[in-house]
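The structure appears right after this line, and notes come after that.
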Amino acid sequence: MTDLAANKPSARISWRNIDLAAVAPFVALALLLVLGAFANPNFISIDNLLNVLTRSAFIAIIAVGATFVISSGGLDLSVGSMVAFVASLTIMFLNSGAFAGPGAMLAAAVVVAILIGAACGLANGLITTLGRIEPFIATLGTMGIYRGLTTWLSQGGAITLRSPDIQSLYRPAYFGSVLGVPVPIIVIVATAALGAFVLYRTRYGRHVLAVGSNEDVARYSGIPVSRVRTLAYVIQGLCVAVTCLLYIPRLGSTSATTGLMWELQAITAVVIGGTALRGGVGRIWGTVCGAFILEIVGNIMLLSNFVSEYLIGAIQGAIIIVAMLVQRSLARR
Amino acid sequence: MTDLAANKPSARISWRNIDLAAVAPFVALALLLVLGAFANPNFISIDNLLNVLTRSAFIAIIAVGATFVISSGGLDLSVGSMVAFVASLTIMFLNSGAFAGPGAMLAAAVVVAILIGAACGLANGLITTLGRIEPFIATLGTMGIYRGLTTWLSQGGAITLRSPDIQSLYRPAYFGSVLGVPVPIIVIVATAALGAFVLYRTRYGRHVLAVGSNEDVARYSGIPVSRVRTLAYVIQGLCVAVTCLLYIPRLGSTSATTGLMWELQAITAVVIGGTALRGGVGRIWGTVCGAFILEIVGNIMLLSNFVSEYLIGAIQGAIIIVAMLVQRSLARR
Amino acid sequence: MNAAASHPPTGPSKSDAPVLQAVGLSKSFGPVEVLKDISLEVRAGEVHAIIGENGAGKSTLMKLLAGHLQPSRGELHIDGETVTLADPVEAERRGIVLVHQEILLAPDLTVAQNVYLGREVGNGLTVDDRLMNEGARRAVRDLGAEIDPTVVVGRLSIAQRQLVQIARVLLVPHRVVIFDEPTASLTPVEAEALLKVIAEIRTKGTAVLYISHRLQEVKQIADRVTVLRDGRLVASRQAAELQPVDMAMLMVGRDVAKLYPDHQTAAARQTVLEVEDFSVPGFAQHASFKLGRGEILGFAGLVGAGRTELMEGIVGLRHGRGTIRLNGTPVHFPNVDASLKAGIVYLSEDRKGKGLLLAKDLRTNLTLASLGRFVRGLLIDKGKETAALDKAIADFDIRARRKDMLAGQLSGGNQQKLLLAKMMLLDPSIIIIDEPTRGIDIGTKEQIYKFIAKLASEGRSIIVVSSEMQELIGICDRIVVMRSAHIAGEVAGNEMTEDRIVVLATGVKSEEAA
Amino acid sequence: EDKKVTIGVSIPAADHGWTAGIVFHAERVAKLLMAEHPGLNVIVKTSPDAATQANAVQDLAVQGIDALVILPSDPDPLVNAIKEVKDKGAFVTLVDRAPSSNDNSVRDLYVAGNNPALGAVAGQYIKEKSPDAQVVVIRGLPIPIDQQRQDGFDQAIAGSNVKVLEKQFGNWNRDDAFKVMQDYLTKYPKIDVVWCQDDDMAVGVLQAIEQAKRTDIQYVVAGAGSKDMIKKVMDGDKLIPVDVLYPPAMIGTALQLTAANFYDQVPVRGSFILDATLVTKDNAKDFYFPESPF
Ligand SMILES: Nc1ncnc2c1ncn2[C@@H]1O[C@H](COP(=O)(O)OP(=O)(O)OP(=O)(O)O)[C@@H](O)[C@H]1O
Ligand SMILES: Nc1ncnc2c1ncn2[C@@H]1O[C@H](COP(=O)(O)OP(=O)(O)OP(=O)(O)O)[C@@H](O)[C@H]1O
Ligand SMILES: [Mg+2]
Ligand SMILES: [Mg+2]
């Protein structure tokens, strides 16, 4: 289909704006920090800020994967359920005592989590590409499947990490810190850096953006479109696995409600970060910033005492819209 | 004069394609009916089928509106929360006793519900068009807002229709039937027929499809793109209002969980019905069929004895995927 | 939006006053001024042709005249009155309509729905589809084509879409019609029909602005010719004073008397590609042909003959059945990746939709198909990419104002050159080019022909699919002609004449066809 | 009584009737206590899920609290977060839901309704009232407290003639319960008793029965003690003869006990398990709070 893409104002303006659009989420973040400092003096304390950054880890890491999926022109609604599923299986494996020492057990669990995450991602990828089903519906389906399987595994209850040895050995993976920086923050930065490297500097990353930008052009250029898309889902699965590996030491247990609605948060983080849902553009660092913004909004709401708890959801919704408006108006300048 | 005779065959092929794609959801529905009859002989009883059709009314009617939004190239994730919000306000109005007789009260409530529904839809439309925010994010924001406001209105509890007079007068709107056909089924058919008329037979409907198909072309053709899109969201709001008017007499109360996840169900119904999420195509009757399919899948699962209650979610997810695969393979023939 | 209908076009105006007049128009995109101080006018009943190289600013000028863009400086007068055209709708209301160079149709709507989009016929709220289908069928038939008005536009070929687009515009009541390269994607037969239509509306008193790179056509229908070069108006003459060679000279600023390069036909060539009994279901049946080393093989045929689909089938872009032998060994390409690896590249006729990522920069586009050559370890070597871009810009004479501009901001001809450069980075041995010069100016055409000849002389084999018979005759060793999904015949040497090709392509004697 | 004390209260968001009751009672008692003790500051925070609640607990700790009263939405995942607070020296009161290891390392005080008992009391009642009943069960969400109630119920009817025809999840949601009940009615020609575990779901169940005009259902046993259901018991509704109490007011009790730890001289420690009282026509008026949202 030949269309007038060249004449779309966006195309014309975009190169000049790239910088402003990329900066917009960080400006929004800075504004929020100021707002937070007014709301409660404790907000700006190092402790609190580290806390908030630390707990944004789950969404931030998932959202790095979502950036790949979305910029390749896909969408993954199953990530929240996938967290529940992968974390449940990993805990069950840790409880199985397949290996002798807790160290060996943990090392094996890391491998297990990563394999399962990759497999779940692969399933999503194959259903959307080979099955040619819209990603929205395909991953809505697998969302039901992964959560259903989790419910079944837990027989309606919780799956809890039992061995205290493993627990104490594993605890620092979430609660520890290196040179004063909590481990989860290090993991966020490492994941994002790796993601940015892959997306911006490698051949595969270029292909992802090409496929998301115009599938036909990619195909006519000899890019294996389905493989590139599928791999993006696998990357999403790997990010989910990393999240699970941080989630287990923090909460130590899963149930059928683990990770509920996380998919929407991850997608929101990606979009607030400046990645367009139609594909072709991906901003890893913006995404991480978006995840921080989401978490900080919640934190400010909790620390400030003037919002009725019934209204928190409403205000969060309003802030998302305002953040997007700020972003758009900056990007349009 | 040479005519393009060579093109004739391809034109004919395309017609055949269109029909199959439109027919696919109905084929899937028929297959499900057969499956259901095997699962439990009660399934095929008139009573059960009427029950199932009746309770698909909420999703079906919302999904008719969603067909407009989606085929105009938008998306509305807020409809579930909007049901909760509009229904809550309407019940509060009914409880206010602003008018004397229960009849007058009810008539006024109909107007109130419709006005609020339209206003909510308008808000969604204006945020996406004037604010130029991706529909996914804009309506995710309003989803939080509408649900938050509902929680706040109900102070976390339930909002219950108090007057027994109104209740008994209103009850037949859901539980009554005309010539043996339950009222909700009549409302589904009426809404869908009206929707189909507007989408296929009017100028506005034509413009909806054009805007969803190629926004630039629509703009160059003098179609007021933003107005057309906004109006699609208003239509969605009106459909939500109609749903609310059926919902209130059923349980006579709302709470913060009313309509939870209905947006995903409505979108699924639309897509199963053959409407593409990218816009430009809308199949109203397919959508209604999709809503039936969703409800019947749940019904069969409960009536059959071979599914563990823990696995229902997983199987529902799997069936959605299979339904889409069937649809795609039919459409490709 | 029935405003247009309420302004009936004025009848043939006998006065000599210009209907539409541009005075000192300039247009800048950001810091770049692409049009500089252009003044021109068009009178009722006159065909005014605008010619110029790719990127000269023709389309931009037309968009200013039709309200799609606003001038940075300068004025527009209609009937002597100064006006501002805020948008295309306003221009339409004043009777100025534009047939876009790009195809602007809603792919999901039917032909009739597109033709009447924004001005649907009906009573009150509803639309009358029966009436519109009839109207659309007639409008397309007036252009000499037969297209089912109830077919979805997304299923039409580019040529059919172009016809639908023209039909759509001509249904608007108009005083000035602007055609921006309407014939670029049409075959001679349809182009001829269109020219007749233009002659007809002109006698009714409509003013016509006409852009084309086919200088013969310009000579044939224009009353007046204006030449743009680099955004400036360099000449405006009566058509009678100019021959195509003069026009080319004015456009390019140098002599292009010899458009087609010399090429020698070798007697016996070693066969590199052999296609036997190859079918692409629905589009091409039982096609067989051979391609020799260093040969330039043409594929001619009417729109919809199935040439594009046959080629797409061969390189693995479509599902096809049959035998393909590469240097004697049977091969099968399940996807393009495989054929690229085997050294066969295909350049799509749809360069905007399938050739280039319009929203990405030149560098990304250039290296997209051959990224493997630009990686060191895991990393993409951006320095190497930039060097390749510099080289491509030099080798292919790509006129980019900035190296970081987006591919979509290049003019059509330069996009084609970029696409060529992109595919040549793969160092292919067999090159299939679909409509290589569609919408390309004569100077660039010359360059592209030279380039094709050079590739052949390097021992590469080339298939050129084209709807321009002159071009095929000019550069090919042999021409295969397709008709209705079948190969109708093959011509070579002295038999390569337009007559012969038309006979094969239409299946009727040339006198009847004309 | 000028002692400055800050108590943080972390509870689930009001996402259905019972949790709404929790929010209501937490706020009600917080106001009472603050009026009573001018130095006392009570901060109430709600969270929709376990992970968010862990964050909320952290945020409360940042504000500096002397005591934490927490009703975890899902207990096991919150153990680590609670321990963090306790390790910093705050007094921890755990309400309602117990983690797998519920000991002094996690909390100082445990106040709970009795989930297994809620199931057991219902089972007991059914076993005695209609020994040969065919029962359909509508469960809540697949999380541990639901499992505990189900286990209590199963144990109570074990060995009796009461037969469970089927169990399905109604997600503590009226609309879902309505659907499940409609399908039960289609599937089983004879149902004696419905156990639906929660008053919210009972609303949907009653509508489904009324619509089907079925007379074989003798009664419905729900639970929690919402004002609507208590009212029905009080009024002698045939279908709702009893209700099993699982009062959201327990959060108020927990709050009061926690405050007492600071302001009264008695140290408060250990477990306080509230009974799952069977509400009948006779005692119903003692449990009727018309002004509560639940
Ligand atoms: N939206 C835009 N933004 C920036 N530059 C543009 C834009 N549109 C066109 N240009 C530039 O303006 C110049 C004139 O383009 P235009 O499309 O008018 O050329 P043209 O004469 O129609 O060429 P062709 O024969 O290839 O169609 C070109 O250099 C082109 O790159
Ligand atoms: N996506 C499509 N679906 C169905 N039919 C199509 C599609 N694209 C093209 N066609 C049909 O296929 C036939 C051949 O296409 P096409 O016109 O591209 O052939 P061609 O010989 O390459 O002509 P040209 O290159 O001159 O346009 C036409 O009849 C056209 O209508
Ligand atoms: Mg042009
Ligand atoms: Mg072609």
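The values are calculated or read from the model by the stated rules, or taken from the named source; none is laboratory data. Predicted, not measured: the structure shown is a model, and the values here were computed from it. Note: ideal-geometry Cβ built from the backbone for every residue, glycine included; neighbour counts use all protein chains shown.
The helices (runs of 4 or more DSSP H) found wholly in segment D:32-142 and carrying at least 2 residues that are of a type in the set (D, E, K, R) and surrounded by fewer than 24 Cβ atoms within 10 Å (Cβ to Cβ) occupy D:75-87, D:115-129. For residue A:226, are the conditions met, namely being surrounded by fewer than 24 Cβ atoms within 10 Å (Cβ to Cβ), at pLDDT 90 or above, closer than 30 Å to residue C:342 by Cβ and small (Gly, Ala, Ser)? When the stated conditions are applied, residue A:226 passes them. In segment C:191-232, of all residues being among the aliphatic types (A, V, I, L, M) and farther than 23 Å from residue C:97 by Cβ, the one that is modelled with the highest pLDDT corresponds to C:227. Criterion applied to C:181, C:217 was being within 30 Å of residue C:348 (Cα to Cα), more than 14 Å from every other protein chain (Cβ to nearest Cβ) and within 16 Å of ligand 3 (Cβ to nearest atom), and the one residue passing it is C:217. Evaluating residue A:304 against the criteria (1) within 13 Å of chain B (Cβ to nearest Cβ); (2) surrounded by fewer than 21 Cβ atoms within 10 Å (Cβ to Cβ); (3) touching a residue at least 60 places away in the same chain (Cβ under 8 Å) leaves one unmet condition, (1).
Candidates in segment B:248-270 are the residues that are under 18 Å from the mean Cα position of the chain (by Cα) and small (Gly, Ala, Ser); of these, the one that is nearest to the other protein chains (Cβ to nearest Cβ) is B:259.
The set of residues from segment A:219-247 being within 17 Å of residue A:186 (Cα to Cα) and within 14 Å of another protein chain (Cβ to nearest Cβ) comprises A:243, A:244, A:246, A:247. Of the strands (runs of 3 or more DSSP E) entirely within segment C:422-514, those holding at least 2 residues that are out of contact with any Cys (no Cβ under 9 Å at 6 or more places or on another chain) and without any contact (Cβ under 8 Å) to a residue 24 or more places away in the chain occupy C:486-492. Screening residue C:304 against (1) of a type outside the set (Val, Ile, Thr); (2) within 30 Å of residue C:393 (Cα to Cα); (3) more than 8 Å from chain A (Cβ to nearest Cβ); (4) out of contact with any strand residue (DSSP E or B) (no Cβ under 9 Å at 6 or more places or on another chain) leaves a single unmet condition, (2). When you look at residue D:172, is it crowded, with 22+ Cβ neighbours inside 10 Å and away from chain A (no Cβ under 14 Å), yes or no? So residue D:172 fails the test. When B:154, B:213, B:168 are checked against the criterion of being within 22 Å of the chain's Cα centre (by Cα) and either within 14 Å of chain A (Cβ to nearest Cβ) or free of Cβ contacts under 8 Å to residues at least 60 places away in the same chain (or both), a single residue qualifies: B:213. The set of residues in segment C:83-102 being among the hydrophobic types (A, V, I, L, M, F, W, C) and within 7 Å of another protein chain (Cβ to nearest Cβ) consists of C:89 alone. Please find, within segment C:29-52, the residue that is farthest from ligand 2 (Cβ to nearest atom) out of those that are at pLDDT below 90 and part of a strand (DSSP E or B). Step by step, filter segment C:29-52, then rank; the result is C:33. Residue-level check: of (1) over 22 Å from residue D:252 (Cβ atoms); (2) modelled with pLDDT under 90, residue D:132 misses just (2). Considering only residues in segment C:131-145 that are modelled with pLDDT of 90 or more and touching a Leu at 6+ places or on another chain (Cβ under 9 Å), the one that is nearest to residue C:206 (Cα to Cα) turns out to be C:139. Scanning segment C:87-124 for residues that are within 16 Å of ligand 1 (Cβ to nearest atom) and at pLDDT below 90 gives C:88, C:100, C:101, C:102, C:103, C:104. Screening residue C:107 against (1) surrounded by fewer than 23 Cβ atoms within 10 Å (Cβ to Cβ); (2) more than 16 Å from ligand 2 (Cβ to nearest atom) leaves a single unmet condition, (2).
Counted as qualifying within segment C:211-297 are the strands (runs of 3 or more DSSP E) with 1 or more residues that are within 16 Å of ligand 1 (Cβ to nearest atom) and touching a helix residue (DSSP H, G or I) at 6+ places or on another chain (Cβ under 6 Å), namely C:224-229, C:232-238.
Here's the yes/no breakdown for (1) more than 8 Å from chain B (Cβ to nearest Cβ); (2) touching a strand residue (DSSP E or B) at 6+ places or on another chain (Cβ under 9 Å); (3) over 20 Å from residue B:214 (Cα atoms):
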site	(1), (2), (3)
C:104	no, no, no
C:110	yes, yes, no
C:125	no, yes, yes
C:128	yes, no, yes
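The residues of segment C:302-321 that are surrounded by fewer than 18 Cβ atoms within 10 Å (Cβ to Cβ) and either within 16 Å of ligand 4 (Cβ to nearest atom) or small (Gly, Ala, Ser) (or both) amount to a single one, C:318.
For residue D:133, the test of being farther than 24 Å from residue D:268 by Cβ and either touching a residue at least 40 places away in the same chain (Cβ under 8 Å) or touching a Ser or Thr at 6+ places or on another chain (Cβ under 6 Å) (or both) is passed.
Being without any contact (Cβ under 8 Å) to a residue 40 or more places away in the chain and within 13 Å of chain A (Cβ to nearest Cβ) is a property that residue D:182 lacks. Please specify each residue of segment D:143-187 satisfying the condition of being small (Gly, Ala, Ser) and in a helix (DSSP H, G or I). Within segment D:143-187, D:152, D:156, D:177 meet the criteria. Scanning segment C:70-104 for residues that are among the acidic types (Asp, Glu) and either under 15 Å from residue C:153 (Cα atoms) or surrounded by fewer than 24 Cβ atoms within 10 Å (Cβ to Cβ) (or both) gives C:75, C:79, C:81, C:87, C:90, C:102. Once segment D:204-217 is narrowed to residues that are in contact with a helix residue (DSSP H, G or I) (Cβ under 8 Å, 6 or more places away or on another chain) and in a loop (DSSP other than H, G, I, E, B), the residue that is modelled with the highest pLDDT is D:217.
Taking segment C:425-447 as the range and being at pLDDT below 90 and either within 9 Å of ligand 1 (Cβ to nearest atom) or farther than 16 Å from residue C:213 by Cβ (or both) as the test, the residues that pass are C:439, C:440, C:441, C:444.
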